[in-house]
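Beneath this line is the structure, given in structure tokens, with notes to follow.
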Amino acid sequence: MKSKRAPFVVGTLLVLLLFAANLIFGSVVIPFREVLSVLFTGETSNPSWKIIMLESRIPSAITSMLCGASLAVSGLLMQTLFRNPLAGPSILGVNDGANLGVALVMFLSGGTIVSLAGYSAIIAAAIAGASVILAIILFFSEKVSGNVMLLIIGIMVGYIVSSFISILNYFAAADKVRQFVMWGMGNFSSVSMEHLPLMAIILITVLLCSFLLIKPLNAFLLGERYAANLGINIRRTRMMVFLSSGILAAVVTAYCGPVSFIGMAVPHIARMLTNTADHRILMPMTLIMGGVTALLCNLLTVLPGSGTLLPLNAVTPLFGAPVVIYVILKRRNRSDELQ
């Protein structure tokens, strides 16, 4: 029993430590005593430090934790449904839909994402674009019975959307192309305290709903026919998985840009730590490790004293890519043993 609890205890402690580290360390050096003063009294000797803490570091840390957990759970849902270890939140083209929505706003409007109204427009456009693609996938899920065929349709829809984005890129002005590229690099620090509550409510609600899928997901591990024999409604469960995974991925992409590798790699980290495929254990561990990974990546984007941050997607592959390579090699070795 203790050995089963150990990963959860360690993971929870890591979340707390990394959350604190995200508050203490940043591109601007703030004395530790002043950080504590802002947290417990709301006051500090330097007004700019208070603004940095309340408007940047605290919302960034909360955003990292929530978005990392959301992407990880979204990836777990997709990997279980499609029984594909390389599946991730973006596999159905939902992220591409969000990218198209943002591209339309950036390239066809004269606004800028620096202003509050512009940033709200970016969020709305990303969610709208992702929602359209999700609706298309849900429509096809009623027409196609096999997950493999649906997966192919999702990939093809993603290619079509990417083509539209490429066309918009070609005709757009250079400054808007650069703006879009910067958004596409991902950033947990872009969410302000004003936008944080709505994002948090949506993500937490969908995460809680995802836990209601634990029993059918466990049945899906043994195949759809076995799940149907247990009384699981296959079409309804598949639709709920698509909705949960799609909404989580869409909201994270809308607020933070497309974040790579976390959704694909973290479920495998959780499997290695728990050594089980039981979603009653795997899903909460995936959620915790998603928060750990995102907080760590956000911390590593900081260049202390420089006043600048590295792009998030320049850091996430450093953790995600080795995990994916390990999974591929492990599956290959297992196949060789069976032969």
task: For the chain, return all DSSP H helices satisfying: extent of Cα atoms along own axis at least 27 Å; mean Kyte-Doolittle hydropathy at least -1.0.
output: 2-24, 58-82, 116-143, 147-171, 234-256, 279-300, 316-338
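For a Förster distance of 30 Å, can you work out the FRET efficiency between the beta-carbons of F32 and V181, rounded to the nearest 0.05? Please list the in-between numbers first.
Working: r = 36 Å, r/R0 = 1.20.
The computed FRET efficiency comes out at 0.25.
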- request: Indicate the gyration tensor shape class of the stretch 12-77 (rounded, prolate or oblate), computed on the Cα atoms with a ≥ b ≥ c the square roots of the eigenvalues: a/c under 1.5 is rounded; otherwise a/b larger than b/c is prolate and the rest oblate.
  value: prolate
- prompt: GNM, the chain, Cα, under 10 Å: largest mean-square fluctuation among A173, A270, A294?
  reply: A173
- line: Checking N169, N298, N187 against a Gaussian network model of the chain (alpha-carbon springs below 10 Å), the top fluctuating residue turns out to be N169
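When the chain is fully extended, how far beyond the present Cα-Cα distance does A228 get from I167, taking 0.36 nm per residue of separation? Can you show the working numbers first?
Working: separation 61, 0.36 × 61 = 21.96 nm, distance 4.43 nm.
Gain on extension, A228 to I167, equals 17.5 nm.
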- line: the chain, Gaussian network, Cα under 10 Å: of L318, L299, L287, the residue fluctuating most is L318
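Which of the peptides 247-257, 77-87 is most tightly packed, and how do the rest follow, going by the mean number of other Cβ atoms within 10 Å of each residue? Mind dumping the intermediate values first?
On the way: 247-257: 27.1, 77-87: 20.2.
By packing density, highest mean first, the sequence is 247-257, 77-87.
For every helix of n ≥ 4 consecutive DSSP H residues, a contribution of -39,500 (n - 2.57) applies; sum these over the chain, divide by its total residues, and give [θ] at 222 nm rounded to the nearest 500 deg cm²/dmol.
Values: 15 runs with 253 residues, N = 339.
That calculation yields -25000 deg cm²/dmol at 222 nm.
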- request: Mind checking which of T237, F140, I160 is farthest towards the positive end of the chain's charge dipole, using Cβ charges of +1 (Lys, Arg) and -1 (Asp, Glu) about the Cα centre?
  value: T237
field: Spin-label model distance (nm) - R5 vs S145, 7 Å beyond Cα toward Cβ
entry: 4.8 nm
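Every number in this text was worked out from the coordinates using simple rules, so none of it is lab data. The structure displayed is predicted, hence computed values, not measured ones. Counting neighbours? That spans all protein chains shown, and the Cβs are built from the backbone with ideal geometry, glycine included.
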